[in-house]
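Heads up, the thing below is written out as structure tokens.
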2 protein chains.
Amino acid sequence: MEENNSSEVAKDLDEETLFVVSQTFKALSDPTRIRILHLLFHKEMSVNSIAETLHLRQSTVSHQLRFLKNLRLVKFRREGTTLYYSHDDEHVMHMLKQTIDHACHN
Amino acid sequence: MEENNSSEVAKDLDEETLFVVSQTFKALSDPTRIRILHLLFHKEMSVNSIAETLHLRQSTVSHQLRFLKNLRLVKFRREGTTLYYSHDDEHVMHMLKQTIDHACHN
DNA sequence: TGTGTATATTAGTATATATTCATATAATAA
DNA sequence: TTATTATATGAATATATACTAATATACACA
């Protein structure tokens, strides 16, 4: 008689799962990325407008957006030379929102 | 007429909130800490048994447990010279579990 | 073709982090 | 007391990370 593997005995996690999970949380572990994702909660924004709004260098924002894009947490659409970024992972955004609500009492 | 602050306009997050949120996710962003917390899902465990189970040095486990304890993600009880650690934050453990389930298809 | 604008990339640097070894502390038993 | 066991701590090191300045690329338009 076997138990369902998610109960009773904790198997060690396989390497791929560990990597994906740790990378996901790493994305949310940096104040700059949190601020960027927080901006993208309700609307899409261009790289420059994100930079201006948050008082960050264009280069800094672009680097962090690449990080988030690699994890498929954001996506973009092009309009001329402007790239509009928006969030692309409901689960992660929900976790972020909940944790922010939990942390700040506004 | 003011909107509820959580709608329409995204205010920038205050520094304290950013710190708390980023630290919370940082706790979950390291494979070693994930493995430790994963072990503590269902039971309490001593430092040495965690180290043995995960094939880690006692020192490594102790350092990471201190990190987790500072964030109040784990607590411990003493029995003689042995300290039994267990998880102490349902919200964080729930996020971790969900993200693991989402990442691995076992 | 050139010019201007928006974004991406590269390389360098400073800081943060995880691990390890060696040692310290704490509780217990003999 | 001394010895033993379990855990914590401090210092050193290697790696990872975030930011910046400078430059490259991509697109639009004259």
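The values are calculated or read from the model by the stated rules, or taken from the named source; none is laboratory data. Predicted model only: the values in this text are computed from it and were never measured. Counting neighbours? That spans all protein chains shown, and the Cβs are built from the backbone with ideal geometry, glycine included.
Look through A:S29, A:S49, A:S62 and report the one residue that is within 11 Å of another protein chain (Cβ to nearest Cβ), surrounded by 14 or more Cβ atoms within 10 Å (Cβ to Cβ) and small (G, A, S).
Just a single option satisfies the conditions, and that option is A:S29.
Per-residue answers, yes or no, for (1) over 17 Å from the mean Cα position of the chain (by Cα); (2) more than 10 Å from chain B (Cβ to nearest Cβ):
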position: A:D14; (1), (2): yes, no
position: A:F25; (1), (2): no, no
position: A:L39; (1), (2): no, no
position: A:K69; (1), (2): no, yes
position: A:V74; (1), (2): no, yes
position: A:R77; (1), (2): yes, yes
position: A:G80; (1), (2): yes, yes
position: A:Y85; (1), (2): no, yes
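I'd like to know if the stretch A:84-91 contains one or more residues that are surrounded by fewer than 20 Cβ atoms within 10 Å (Cβ to Cβ) and within 14 Å of DNA strand D (Cβ to nearest atom).
Yes.
Residues of the stretch B:61-98 being within 15 Å of B:R35 (Cα to Cα) and touching a Ser or Thr at 6+ places or on another chain (Cβ under 6 Å), which ones?
B:Q64 - this is the single residue of the stretch B:61-98 that is within 15 Å of B:R35 (Cα to Cα) and touching a Ser or Thr at 6+ places or on another chain (Cβ under 6 Å).
Return yes when A:H91 is more than 13 Å from DNA strand C (Cβ to nearest atom), within 8 Å of chain B (Cβ to nearest Cβ) and modelled with pLDDT of 95 or more and no when it is not.
Criteria met by A:H91.
Output the residues belonging to the stretch A:18-55 that are away from DNA strand C (no atom under 13 Å from the Cβ), basic (K, R) and not in a loop (DSSP other than H, G, I, E, B).
Scanning the stretch A:18-55 gives A:R33, A:R35.
Which condition does A:R77 not pass, out of (1) more than 16 Å from DNA strand C (Cβ to nearest atom); (2) not in a helix (DSSP H, G or I), if it passes all the others?
(1)
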